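The values are calculated or read from the model by the stated rules, or taken from the named source; none is laboratory data. Model, not experiment: these values are computed from the prediction. A quick note on method: Cβ atoms are made from the backbone with ideal geometry, for glycine too, and the neighbour counts reach across all protein chains shown. Quick note on the areas: whole protein, heavy atoms, side chains included, nothing else; ligands and nucleic acids left out. Shrake-Rupley method; radii C 1.70, N 1.55, O 1.52, S 1.80 Å.
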Amino acid sequence: EMGPPSIPRTMAITFCKLEGWEKIGASAMHIFVAWSAPQYTFKALALMFVKFLSIQASTWIWPLTFEGKSIIPKAPGRFQALITALVMSGLFVKALMNSDFNKHW
């Protein structure tokens with residue numbers, strides 16, 4: 001619950017919307033790179049993996065808690081890190097099996 005309408009609540013909602021548009025734009029860019037410039041695909045995946053590890057490290061160092069309790073105990077996105085790790089590792093394994101990794105790295 002974010003409370004009654006207020007300036008901080010409006011700003012939080014606005015930043016959430018902006019983040020959503022940034023993710024849509026980044027997804028379009030990733031698809032474009034994967035289709036039109038495959039030589040950069042694995043480098044982009046490596047950068048995304050470094051970003052993923054950095055976000056996980058910051059979450060482990062500074063957990064999402066308030067007054068000692070988790071703020072996301074039953075949130076739908078609490079397994080997002082596991083799903084992201086599985087997708088990325090699956091793409092890397094597929095690339096290694098097809099010898100695409102050596103060809104485009």
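According to a simple spin-label model (label point 7 Å from Cα along Cα-to-Cβ), what is the distance in nm between residue 29 and residue 7?
3.2 nm
Run the 1.4 Å probe and let me know the accessible area of residue 82, rounded to the nearest 10 Å².
100 Å²
Projected onto the charge dipole of the chain (+1 at Lys/Arg Cβ, -1 at Asp/Glu Cβ, origin at the Cα centre), which of 18, 39, 64 gives the Cα projection farthest towards the positive end?
The listed residue farthest towards the positive side: 39.
At 7 Å along the Cα-to-beta-carbon direction for both residue 16 and residue 64, put a label point, then send me their distance in nm to one decimal.
Roughly 1.1 nm, to one decimal.
Which ³J(HN,Hα) values in Hz, rounded to whole numbers, follow from the phi angles of segment 31-40 under the Karplus curve 6.51 cos²θ - 1.76 cosθ + 1.60, where θ = phi - 60° and Gly and Pro get x?
5, 4, 5, 4, 7, 9, 9, x, 5, 9
Using only alpha carbon pairs under 8 Å that are at least six residues apart, calculate the relative contact order of the chain and give it in whole percent.
It comes to 28 percent, rounded to a whole number.
So if I average 1/r over every pair of distinct C-alpha atoms in the chain and take the inverse, what Kirkwood radius in Å does that give?
When all Cα pairs of the chain are included, the Kirkwood radius is 16.7 Å.
Based on alpha-carbon centroids, what's the gap between segment 77-97 and segment 21-45 in Å, whole number please?
16 Å
Any chance you could count the Lys pairs in the chain whose alpha carbons are under 27 Å apart, treating pairs 8 or more apart or on different chains as valid?
15
Hey, what's the chain come to in accessible area per residue, 1.4 Å probe, Å²?
Solvent-accessible surface per residue comes out at 84 Å².
Quick one: dipole size for the chain, taken about the Cα centre, charges +1 on Lys/Arg Cβ and -1 on Asp/Glu Cβ, in debye to the nearest 20.
Working: 10 positive and 5 negative charges, 24 e Å.
So the magnitude is around 120 debye.
Kindly provide the GluC sites (Glu not before Pro) of segment 1-36 that DSSP labels as loop, not H, G, I, E or B, and whose Cβ sees at most 11 other Cβ atoms within 10 Å.
Values: sites: 1, 19, 22; in loops: 1.
Hits after loop and neighbour filter: 1.
Calculate, in whole percent, how much of the Cα-Cα pair population of segment 20-76 lies beyond 17 Å.
Summing the P(r) of segment 20-76 above 17 Å gives 58 percent of all pairs.
How far is helix 41-61 tilted off the main Cα axis of the chain, in degrees rounded to 10, range 0 to 90?
Approximately 30 degrees, to the nearest 10.
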